[in-house]
Amino acid sequence: MTNERKFICDNVSVNGEGHLCLAGSDVVTLAKKYGTPLYLMDENRIRNRCRTYKDALSVAFGGSAFPAYASKAASFKELYRVMASENMYIDVVSSGEIYTAAAAGFPLEKALFHSNNKTDEDIRFAIENGVGYFVADNEEELAAIEREAKKAGIVQKVLLRITPGIDPHTFAAVATGKVDSKFGSAIKTGQAEKITALALKKEHIKLSGYHCHVGSQIFSVDVYLKTAEIMLEFIANIKSEFGFCAEILNLGGGFGVRYLPTDPEVDIKRNVIMLANRIKELCAKLDIKLPTVILEPGRSIVADAGMTVYTVGTVKRIPDFVNYVSVDGGMTDNVRYAMYKANYTLLAANKMNEASTIKANIAGRCCESGDVIQEHVPLPSSITRGDIIACLTTGAYNYSMASNYNRLPRPPIVMLKDGESRVAVRRETLSDVCAMDV
Ligand SMILES: *Cc1c(COP(=O)(O)O)cnc(C)c1O
C-alpha cells in the first residue's frame, strides 16, 4: 500500500486512484452517485462510539451508569433507529426532536427532555409521548410540568438542571456551566437549593436527581472531575438539609473531537475510569449513595462519523492577497465557521495524491461575505471547477443547524455501512423549498 496516510479519524483513507474514502467507500464515486453537496455518515463509527461509552460507563461504575446521546448534534429518523438498536438513551430538546424520535419508533421512556424554555405545548407533547425524564431548567418550568402532569394524571420523573459555576476553558459561546448562563439554577446563588425544595413539594413530580452540562469540545477530564466534586458536595448538602438522596447524577456532554490534526484525541474509556474513581471516592467521603451516573455525549458520538462533500465552482485568485475556492454549499449546510470560527479539515477528494502547494479560503455560495467554511486551507495548485472537496468531521451540528438561506435546498444524508450506501434523508427539491408557502 502506497497510501498509508494518517488522517484525523481512522475511518478516513485514500484508495489506489488517489481518491478520498470514508468507511472504505470512495467519496468521489459517492459524489457522482448522489450529487453534491452531500452529507455522508459512517454508521459503524456511530455504533462503535455508542458502545465505547456504554461499555466504559458500565464497567467503571459497575452496571448502572449509562450514556444518553444528545440528539441535537444530529437528529433524523434513521439515527434514532440506530440509537434504538444500540439500546441507547437519548436527549431531546424540542417537540420536533420528540416527534422525529417517536416517528422512528424510538422508545421515549429512554429519553431525557432538555431545553431552557419548554413551552406548555412542548411539555404536554412530551408527556403524551411518554418521555421518561424531564430536565427542568427553572422554577416556572417546574410549576408548568407539575400542572401538565396533574392534568394527565401522572407522576413525572424530573431531574433539575444545576449550574455548577465552571468555566470549561472552551470557546465562550458554547460555555454553559457558568453562573451567568441562560441554563439552569446556580448553586452559588442559592437557587439550586430553592428549586430542590420546590420540586420535593410537588405531588406530580418525582425528583430523580440532578443534571449539569458545563460546555462543549472539552479535552480535559479535569473539568468533569471538578464538576463531579461540586455536584456531589451539593447532593450531600441537600441530603443533610432535606433528607433527599439523589438517585441520578447526569454530568452532561461535551467531550471534544478532532477537527484538526493538532487536536488531541480524547480517550473516553480512560476518562470514564478516572471519573468513576473520583466519584466513588467522593461518595464514600461525603457518605452518600453512589448515584446512577449519566453522560450525554452528542458531538463525540457523531462528529467524526460525518463528512460533507462539495463540488468546486468558481476559483478566484486575488494576486498577493488570497485565493477563494467556492463550493456548491456553505453556511447553509455548515454554519459553524460563520457562527464561531470553528475549525475544520478540508481536502481535495479527487486529488489526494497531489501536493498541497497553495492556500485558499473555502467559500460557500450564499450572498453573504461571512459565508466561509474555512480559511487558509492547503490545496493542490491545480484545483479547479468540477473538483471534489470534502470537509471532515461534520457529523455533529451541521445537518442539525442547516438552513434554507437563499432558498438553497438542504443536502441529503447518505449512510455508509459495510461497503454499502443508502439514503437516510433525501435531498430537498426546489418544490420542498417553497412547500410551506401559501
Ligand atoms: C449540547 C448538549 C449536550 C451535548 O454536548 P456535546 O458537546 O455535543 O457532547 C449534552 N447535554 C446537554 C444538556 C446539551 O445541551
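What the Cβ-Cβ distance of LYS206 and LYS32 gives, at R0 = 60 Å and to the nearest 0.05, is a FRET efficiency of 0.65. Against the main long axis of the alpha-carbon atoms of the chain, helix 139-152 sits at an angle near 80°. All C-alpha pair distances within the stretch 1-125, sorted into 5 Å bins from zero, spread as 2, 9, 16, 15, 15, 13, 13, 8, 5, 2, 1, 0 percent across the bins. Shape index of the stretch 114-297: Rg/Rh, with Rg the Cα radius of gyration and Rh the Kirkwood radius from the inverse mean 1/r over Cα pairs, equals 0.98. Normalised radius of gyration (Cα atoms, divided by 2.2 N^0.38 Å) for the stretch 318-359: 1.39. Relative to the longest principal axis of the Cα atoms of the chain, the long axis of helix 268-286 makes an angle of roughly 20 degrees. P(r) tail, the stretch 333-413: Cα-Cα pairs separated by more than 15 Å, 59% of all pairs. Comparing Cα centroids, the stretch 242-273 and the stretch 316-342 end up 32 angstrom apart. Across all directions, the shadow cast by the convex hull of the chain built on its C-alpha atoms averages 22.3 square nanometres. Take each peptide in 422-431, 98-107, count the other Cβ atoms within 10 Å of every residue, and average; sorted highest first, the result is 98-107, 422-431. Each peptide in 229-238, 294-303, 312-321, 274-283 receives the mean, over its residues, of other Cβ atoms within 10 Å, and ordering these scores from highest gives 294-303, 229-238, 274-283, 312-321.
For the stretch 119-124, putting each phi into the Karplus relation 6.51 cos²θ - 1.76 cosθ + 1.60 with θ = phi - 60° gives couplings of 6, 4, 4, 4, 5, 4 Hz, in residue order, rounded to whole numbers and with x for Gly and Pro. Under a model in which nothing but the beta-carbon of Lys, Arg (+1) and Asp, Glu (-1) is charged, the chain shows a dipole of about 280 debye around its Cα centre.
Listed by chain and number, the lysines whose alpha-carbon sits under 18 Å from that of LYS150, ignoring those within fewer than 8 places in the same chain, are LYS118, LYS201, LYS202, LYS206. Rolling a 1.4 Å probe over the protein heavy atoms of the chain, with every protein chain left in place, gives an accessible area that is 51 percent carbon and sulfur. Counted residue by residue at 0.36 nm each, then reduced by the alpha carbon distance between them, the extension gain from GLU121 to ASP222 reaches 32.5 nm. Evaluated with a Cβ-only charge set (Lys, Arg +1; Asp, Glu -1), the stretch 114-297 carries a dipole of roughly 360 debye about its Cα centre, given to the nearest 20. Taking +1 at the Cβ of each Lys and Arg and -1 at the Cβ of each Asp and Glu, which of ILE358, VAL28, PHE76 sits farthest along the dipole of the chain towards its positive end, judged by Cα position relative to the Cα centre? Checked the options; the winner is VAL28. Computed 3J(HN,Hα) for the stretch 221-234, one whole-Hz value per residue from the Karplus formula 6.51 cos²θ - 1.76 cosθ + 1.60 where θ = phi - 60°, is 5, 3, 4, 6, 5, 5, 4, 4, 4, 4, 5, 6, 5, 4, glycine and proline marked x.
Pull out the extension gain between LYS285 and GLU241, defined as 0.36 nm times the separation in residues minus the alpha carbon to alpha carbon distance; nm, one decimal.
14.1 nm
Taking a point 7 Å from the Cα of LEU260 along the Cα-to-Cβ direction, the residues of the stretch 318-361 with backbone N closer than 13 Å to it are 341-346. Taking label positions 7 Å along the Cα-Cβ direction at both ILE154 and VAL423, the computed distance is 3.5 nm, reported to one decimal. The heavy atoms of ASP55 present about 90 square angstrom of accessible area, all protein chains included, probe 1.4 Å. In percent, rounded to a whole number, the relative contact order of the chain is 18, using alpha-carbon pairs under 8 Å and six or more apart.
Scanning residues 5 or more positions from LYS206 or on other chains, those with amide H under 5 Å from its amide H are GLN156, LYS157, VAL158, with H placed 1.01 Å from N in the peptide plane. Here, the stretch 399-438 has an Rg and a Dmax of 12.6, 44 Å when only alpha carbons are counted. Which pairs in the list LYS54/LYS188; LYS151/LYS289; LYS157/LYS280 are over 28 Å apart, alpha-carbon to alpha-carbon? Cα-Cα > 28 Å for LYS54/LYS188; LYS151/LYS289; rest within. Report summary: the helix-based calculation at 222 nm, which adds -39500 (n - 2.57) for every DSSP H run with n ≥ 4 and divides by the residues of the chain, gives -9000 deg cm²/dmol.
Would you kindly state how much longer the chain becomes between ASP55 and ALA103 on full extension, computed as 0.36 nm times their sequence separation minus their alpha carbon distance, in nm to one decimal? Display every interim value, and only then the final one.
On the way: separation 48, 0.36 × 48 = 17.28 nm, distance 2.80 nm.
Result: 14.5 nm gained on full extension.
Annotation: amide H of CYS366 within the under-5 Å range of MET331, sequence separation 5 or more or interchain, hydrogens built in the peptide plane.
Residue by residue, the stretch 180-191 carries 3J(HN,Hα) couplings of 8, 6, 6, 9, x, 10, 7, 5, 4, 8, x, 5 Hz when phi is fed to the Karplus relation 6.51 cos²θ - 1.76 cosθ + 1.60 (θ = phi - 60°); x denotes Gly or Pro.
Could you report the chain's accessible area per residue, 1.4 Å probe, as an integer in Å²? Before the final figure, lay out the partial values.
Working: 18600 Å² over 438 residues.
Accessible surface, normalised per residue, equals 42 Å².
The values are calculated or read from the model by the stated rules, or taken from the named source; none is laboratory data. None of the values given here were measured: they were computed from a predicted structure. FYI the Cβ positions are ideal-geometry reconstructions off the backbone, even for glycines, and counts take in every protein chain you see. Accessible surface is based on the protein model in full, side chains and every heavy atom, while ligands, DNA and RNA are left aside. Shrake-Rupley method; radii C 1.70, N 1.55, O 1.52, S 1.80 Å.
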